[in-house]
Amino acid sequence: MPKVLEGRTALVTGASSGIGQAVAVALAQAGARVAVNHSSGGESAARAARVAQDIVQAGGQAIALQADVSKEDEVQALFARAEAEHGPLDILVNNAGIEQPSAIEDMTLAQWQRVIDVNLTGQFLCAREAARRFIARGTPPEGVRALGAMIFMSSVHEVIPWAFQANYAASKGGINLLMRSLAQELAPRRIRVNSIAPGAIRTPINREAWDTPQAMNDLLKLIPYGRIGEPDDIGRAAVWLASDDADYVTGTTLFVDGGMTLYPEFRGAG
Ligand code: BGC
């Protein structure tokens with residue numbers, strides 16, 4: 001991969017598995033020094049340590065850092081540790097996200113709140129911290145065009161309603177206007193803010209949707225391009241959006257979904 005992010009520093013939240021992991025690896029392959037955030041100790045800590053280790057073994061630079069992105073003090077400590085280790089931050093990938101599906105009549109306030117806390121408030125807290133640090137830096141580092149870049153991990157469910165996942169869809173709909181409002185606010189400071197909206201990507205979060213032939217068959221009816229997405233599809237999109245190649249791109253949502261948002265059920269109908 002061309003080293004389009006050589007010399008840059010990046011923080012990827014929720015990077016111990018799935019899309020976050022692939023984004024962390026792709027940014028590192030493109031030359032960035034990467035902070036691999038994970039939410040808790042135990043298994044997620046071990047996985048994040050492995051992600052960082054694999055990057056280092058492949059010749060890149062990475063560290064694993066724990067923080068719950070929904071907690072203000074932990075987010076502040078996370079950014080401070082990332083910058084102490086790698087230098088001033090250039091790229092934030094606001095990726096951490098969870099699902100807690102439930103029929104609306106059974107959805108507890110705790111289920112609603114936790115998903116909003118992680119998926120939406122977490123992205124706000126990290127974006128605010130990144131903005132503060134980009135602004136404090138004042139001018140872009142030598143050879144870099146923007147002062148900083150933020151990428152929000154949204155979903156096709158920022159536009160596709162999702163029965164039994166009202167909390168999740170509401171969080172992703174919220175990300176759309178959070179991202180665009182910040183893009184409008186921060187463009188004069190040469191800070192670029194964009195989203196990626198993945199469709200069905202083969203990760204642990206949606207295993208049930210792809211791990212049997214029947215489930216995969218049903219899933220593919222929703223994907224005109226005829227295959228499930230792979231985490232690296234998102235990794236490559238993130239590298240491009242974070243790089244100077246995307247210097248004139250701000251306030252946009254890049255759908256990486258094999259056409260899932262093209263209403264494929266309407267082929268030949270309506
Ligand atoms: C969800 C996945 C789902 C995909 C397409 C994503 O945002 O996290 O569980 O497979 O959207 O529906």
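The values are calculated or read from the model by the stated rules, or taken from the named source; none is laboratory data. Just so we're clear, the structure is a prediction, and the values are computed from it rather than from any experiment. All Cβ positions, glycine included, derive from the backbone under ideal geometry; neighbour counts span all protein chains shown. For accessibility, only protein heavy atoms count, side chains too; no ligands or nucleic acids. Shrake-Rupley method; radii C 1.70, N 1.55, O 1.52, S 1.80 Å.
Hey, got the dipole for the stretch 1-156? About the Cα centre, +1 on K and R Cβ, -1 on D and E Cβ, debye to the nearest 20?
Numbers: 13 positive and 16 negative charges, 114 e Å.
Roughly 540 debye, rounded to the nearest 20.
With every atom except the alpha carbons ignored, what do you get for Rg and Dmax of the chain, in angstroms?
18.0, 57
Could you compute how fast the stretch 152-211 diffuses translationally, taking Rh as the Kirkwood radius over C-alpha pairs and applying Stokes-Einstein at 20 °C with viscosity 1.002 mPa s? Give it in µm² per second.
The diffusion coefficient I find is 168 µm²/s.
What percent do you get for the relative contact order of the stretch 30-75 when only Cα pairs under 8 Å and 6+ apart count?
44 percent
Can you pull out the trypsin sites (Lys or Arg not before Pro) in the stretch 132-184 that DSSP calls coil and that have at most 16 other Cβ atoms within 10 Å?
Sites meeting the loop and neighbour criteria: Arg145.
Treating only the Cβ atoms of Lys and Arg (+1) and Asp and Glu (-1) as charged, compute the dipole magnitude of the chain about its Cα centre; round to the nearest 20 debye. Before the final figure, lay out the partial values.
On the way: 24 positive and 29 negative charges, 118 e Å.
Dipole about the Cα centre, nearest 20: 560 debye.
Using a 1.4 angstrom probe on the protein heavy atoms only, line up Ile135, Ile201, Ile63 by accessible area, largest first. Mind dumping the intermediate values first?
Details: Ile135 65, Ile201 5, Ile63 30 Å².
My answer, sorted largest first, is Ile135, Ile63, Ile201.
What is the ratio of the Cα radius of gyration of the stretch 1-71 to 2.2 N^0.38 Å, where N is its residue count, to two decimals?
Against the compact-globule rule of thumb, the ratio is 1.01.
When all C-alpha to C-alpha distances in the stretch 1-154 are sorted into bins of 10 Å, what percent of pairs does each bin hold, rounded to whole numbers?
Computed distribution, short to long bins: 12, 41, 32, 11, 3, 0.
Relative contact order for the chain using alpha-carbon pairs under 8 Å, separation at least 6, rounded to a whole percent? Can you show the working numbers first?
Numbers: 547 pairs, mean separation 52.1, N = 270.
Averaging sequence separation for qualifying contacts and normalising by length gives 19 percent for the chain.
Solvent-accessible area of Asp211, probe 1.4 Å, all protein chains present, reported in Å² to the nearest ten, please.
Near enough 80 Å² of accessible area.
For the stretch 1-156, report the accessible area per residue in Å² (1.4 Å probe, heavy atoms, rounded to an integer). If you can, show how the numbers build up before the last one.
Details: 6440 Å² over 156 residues.
Value for the stretch 1-156: 41 Å² per residue.
Over the stretch 50-96, what is the relative contact order in percent, taking alpha-carbon pairs closer than 8 angstrom and at least six residues apart?
Details: 23 pairs, mean separation 10.3, N = 47.
Once normalised by length, the contact order is 22 percent.
Would you kindly calculate the translational diffusion coefficient of the stretch 118-188, applying Stokes-Einstein with the Kirkwood radius from alpha carbon pairs, for 37 °C and a viscosity of 0.692 mPa s, and quote it in µm² s⁻¹ without decimals? Let's see the in-between values first.
Numbers: Rh = 13.4 Å.
Once the numbers are plugged in, D ends up at 245 µm²/s.
Considering only Thr108, Val75, Val118, whose Cα is most displaced toward the positive end of the charge dipole of the stretch 72-144, charges sitting on Cβ of Lys, Arg (+1) and Asp, Glu (-1)?
Of the listed residues, the answer is Val75.
What area, in nm² and to one decimal, does the C-alpha convex hull of the stretch 225-270 cast on average over all directions?
Details: hull surface 17.9 nm².
So the Cα hull casts an average projection of 4.5 nm².
If the cut-off is 30 Å between C-alpha atoms, which lysines fall inside it for Lys71, apart from same-chain ones fewer than 8 positions away?
Filter leaves Lys172.
For the chain, modelled as a Gaussian network with Cα springs under 10 Å, which listed residue fluctuates most, Gly97, Gly235, Gly87?
So, out of Gly97, Gly235, Gly87, the one fluctuating most is Gly87.
How many Å³ per residue does the convex hull of the Cα positions in the stretch 122-270 occupy?
So the per-residue hull volume is 132 Å³.
Over all pairs of distinct alpha carbons, what does the Kirkwood formula give as the hydrodynamic radius of the stretch 70-204, in Å?
On the way: mean 1/r = 0.0632 Å⁻¹.
Mean inverse Cα-Cα distance, inverted, gives 15.8 Å.
Which angle between 0 and 90 degrees, to the nearest 10, do you get for helix 122-137 versus the longest principal axis of the chain when only C-alpha atoms count?
It is inclined by approximately 20 degrees.
Can you compute the charge dipole magnitude of the stretch 28-114 about its Cα centre, using +1 on each Lys and Arg Cβ and -1 on each Asp and Glu Cβ, nothing else charged? Give it in debye, rounded to the nearest 20. Write out the running numbers ahead of the final one.
Numbers: 6 positive and 12 negative charges, 67 e Å.
Here the size comes out at about 320 debye.
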